[in-house]
Amino acid sequence: MGEVAPGGGCLPPMDLFRSEPMQLIQLIIPIESAHRTVSYLGDLGLLQFKDLNSEKSPFQRTYAAQIKRCGEMARKLRFFKEQMIKAGVSPKGSTTEFDANIDNIEIKLAEIESELSEMNANGEKLQRTYNELVEYKLVLQKAGDFFHSAQSRAVEQQREYESRHLSGESMETPLLQDQELPGDSSKPVKLGFLAGLVPREKSVAFERILFRATRGNVFLRQTAVENPVTDPVSGEKTEKNVFVVFYAGEKVKGKILKICDAFGANRYPFAEELGKQAQMISEVSGKLAELKTTIDAGLLHRVNLLQNIGTQYEQWNLLVQDALKRAAKDSNSQVSAILQVLHTRESPPTYFRTNKFTSPYQGIIDSYGVAKYQEANPTVFTVVTFPFLFAVMFGDWGHGICLLLAALYFIVREKKLSSQKLDDITEMTFGGRYIIFMMALFSIYTGFIYNEFFSVPFPLFAPSAYECRDLSCRDSTTIGLIKTGPTYPFGLDPVWHGTRSELPFLNSLKMKMSILLGVAQMNLGIIMSYCNARFFKNSVNVWFQFIPQMIFLNSLFGYLSLLIIVKWCTGSQADLYHVMIYMFLSPTDDLGENQLFAGQKNLQLVLLLLAGVAVPWMLLPKPFILKKQHEARHGDESYAPLPNTEESLQVESNHDSHGHEEFEFSEIFVHQLIHTIEFVLGAVSNTASYLRLWALSLAHSELSSVFYEKVLMLAWGYNNVIILIVGLIVFIFATVGVLLVMETLSAFLHALRLHWVEYQNKFYEGDGYLFHPFSFSLLDEEDDVL
């Protein structure tokens, strides 16, 4: 792919306004140097390949087996990386000679994977055995204490019994071993026992289930293990209790075994004799020492293997990084690669150079539609207009500061957060951190204009220009105020808040401001269509689209905007409503208008006439001119020259191109009719749509005022600390939940609608497709995401 200088236009060339120039090329590569050439192109990341075999399935393609082999090697490399991360081993560069032969690398990776997998399996088996022996040793120690203490108590009771028997005394209750089973006095009671460990959080339920299942015919002893124990099955450290349960009968034993399995209680064999217990503890301790030595040796060998992998991991991951520098010299090819530029009617892909600041704005535009090749990009102006229109609806410099702090948190921690796995909502917010930053700055600016800080006005720039008529100010909301000083220098005078004229004044101000902003942005969209027409050298769109659209829009709504500005600047008492009535209705002689009004009426009639002429100007000439141009290009071609070899290659390389363009006059005319009707009706509906700026700004202000007055101030009036704290908490949650979350999302979506529909439909086609280059760096980023 080569770069070409862009053509003409109405603006100086910039990276974001026009997409990067593209060329369709044909690359013929000798088979012996194909691998290294493609690797070099992947390292550059400047070429997008076209699939000329789209009718074939992946398994029918020439290099399907090789791709499968590469995918398998990539899987092994990911496995190595996971193992190195778990072991705390980082990849390191190596200066040793590197064998770039793909077959040798495949064999080497397979051998290392087999060895590492076997080491992992053996290590897990040894570790599980070691954990079982640790638990077994704990059972022998803790349960041995049970038997030792029980035997000591039994010996004492036996001696006491014998001494009482010799002295002639009798015991009321016989010993357990002297009791006999009911119904069969010839057989003594035979008690069995089971020992093991049970998780501590399940020990109470374990004891309760044992008691209920056996109807109390068991005896359970438990003792806590001081330190957490690694479970042999799960491999997690948990707190456990050693238990010994005594029972009578095989049926009871079966129930106890099932209960132990259900509660994850590990059972271990245990001898009743104290001598055997000591012998078993000694044997288990010896086995633990041997296993510890074996596990440590295995871990050391595994770490050494992973370190060896780490020294060559980067080379294996890039495969032929060092060989790329010697591609031409080492390939031993007698024929160099052939690069040929092809001329085609197919539209090239679209690629804009963006950074971390402009990338989210470009994502907003691409969500509507990818720009056609070198079409004017709305992102250039959206960087400013999108956060500004958001701020018009969200204007409050207190809420803007909250948004600014949230955006600064993500911006300051962007390096750390970009390397972490975030949930969907946090990742979306983090991706738009610079949009939120700009929205916060503009919200602070418009908040100064509206003079609202959580709906509270402050005289920041100067004292108020108005004063009360009396000292008590009891009539300020009914009779009004008097002007005693100079006009407030910036934004809204704080005295307007809370007066009887506040709502009518703000409604008039914000409604007219919304119309001005809407007409200005729609005019910008029409000017962008002129830039596209000039760039693509389409004079038809200049004369029969741009000019009549500008005349129609500004004859009606441009004049309306001009009247608003004149009234603001001159302080005229003329009623704008009556002016608009006279624009559409001819006044009668009974109105008694003077000569000045007659001139104004004539101007309005001229503007209405221009708007009426602009409609057929857009509709009729363009289809006939396009038909005449098509006939001039193709009407006189009786014979076509035979294409040469180069042209035949170009035609064959582009399956979507045609020898002649199809032209249907009826379709062109209907399309132009729809486009004209859409613009005429859209000029009215789109202007009305910008009134959402007024509506949402008013709603945001009123909600903020309600939360402040009906929650915070109401709680403050009770003079109770508890009520004040509760009111403050409710105010904070209402402000954050409703105003900083829901209102932010609402204003964001409405600003998005104004850009997608009202602004971009004036010039933006959005029928292009993105440029997806073959790049190793992009593949590495995708692997990191996976």
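The values are calculated or read from the model by the stated rules, or taken from the named source; none is laboratory data. Treat the numbers as computed from the prediction; the structure is a model and nothing was measured. Cβ atoms come from the backbone with ideal geometry, glycine included; neighbour counts cover every protein chain shown. Surface accessibility is based on the protein's heavy atoms, side chains included, excluding ligands, DNA and RNA. Shrake-Rupley method; radii C 1.70, N 1.55, O 1.52, S 1.80 Å.
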- What is the extension gain from residue 285 to residue 757, computed as 0.36 nm multiplied by their sequence separation minus the C-alpha to C-alpha distance, in nm to one decimal? 162.1 nm
- Inter-label distance for residue 353 and residue 628, nm, one decimal - labels placed 7 Å from Cα along Cα-to-Cβ: 4.3 nm
- Which order do 260, 402 take by accessible area at a 1.4 Å probe, largest first? 402, 260
- Note on the structure: Filtered hits (lysines, Cα-Cα < 16 Å from residue 567, offset >= 8 within chain) -> 510, 512
- Note on the structure: Label model pair residue 104, residue 261: point-to-point distance (7 angstrom along the Cα→beta-carbon line) in nm is 5.6 nm
- Note on the structure: Given a Förster distance of 56 Å, the FRET efficiency implied by the Cβ-Cβ spacing of residue 272 and residue 307, rounded to the nearest 0.05, works out to 0.65
- Message: How would the stretch 343-437 be classified by its alpha-carbon gyration tensor: rounded, prolate or oblate, with rounded meaning a/c under 1.5 and the a/b versus b/c comparison settling the rest?
- Response: oblate
- Please find the FRET efficiency linking residue 55 to residue 429, where r is the Cβ-Cβ separation and R0 is fixed at 45 Å, and quote it to the nearest 0.05. 0.55
- Taking a spot 7 Å from the Cα of residue 344 along the direction of its beta carbon, which residues of the stretch 38-82 have an amide N less than 18 Å from it? 46-56
- Query: Over the stretch 15-81, what per residue volume does the convex hull of the Cα atoms give, in whole Å³?
  - Reply: 172 Å³
- First select every other residue whose beta carbon is under 12 angstrom from the beta carbon of residue 230; then total the charges, Lys and Arg +1, Asp and Glu -1. -2
- Message: Could you report the accessible area of residue 160 in Å², rounded to 10, computed with a 1.4 Å probe on the protein chains as they sit in the structure?
- Response: 80 Å²
- Once the piece of chain linking residue 82 and residue 141 is laid out straight, how much longer is it, given 0.36 nm per residue of separation minus the C-alpha distance between them? 17.3 nm
- Query: Using a probe of 1.4 angstrom, how much of the accessible area of the stretch 696-781 is carbon and sulfur, in percent?
  - Reply: 73 percent
- Once label points are set 7 Å from the Cα along Cα→Cβ at both residue 149 and residue 720, what is their separation, rounded to one decimal in nm? 5.6 nm
- Any chance you could run the full-extension gain for residue 294 through residue 487? It's 0.36 nm times the residue separation minus the Cα-Cα distance, nm to one decimal. 60.7 nm
- Item | Which of 206, 410 is most accessible, then next, and so on - probe 1.4 Å | 410, 206
- Note on the structure: Which of 125/258; 108/421; 142/251; 108/292; 356/416 exceed 21 Å between C-alpha atoms? The answer is 125/258; 108/421; 142/251; 108/292
- Just the accessible area for residue 69, please: 1.4 Å probe, Å², rounded to the nearest 10? 70 Å²
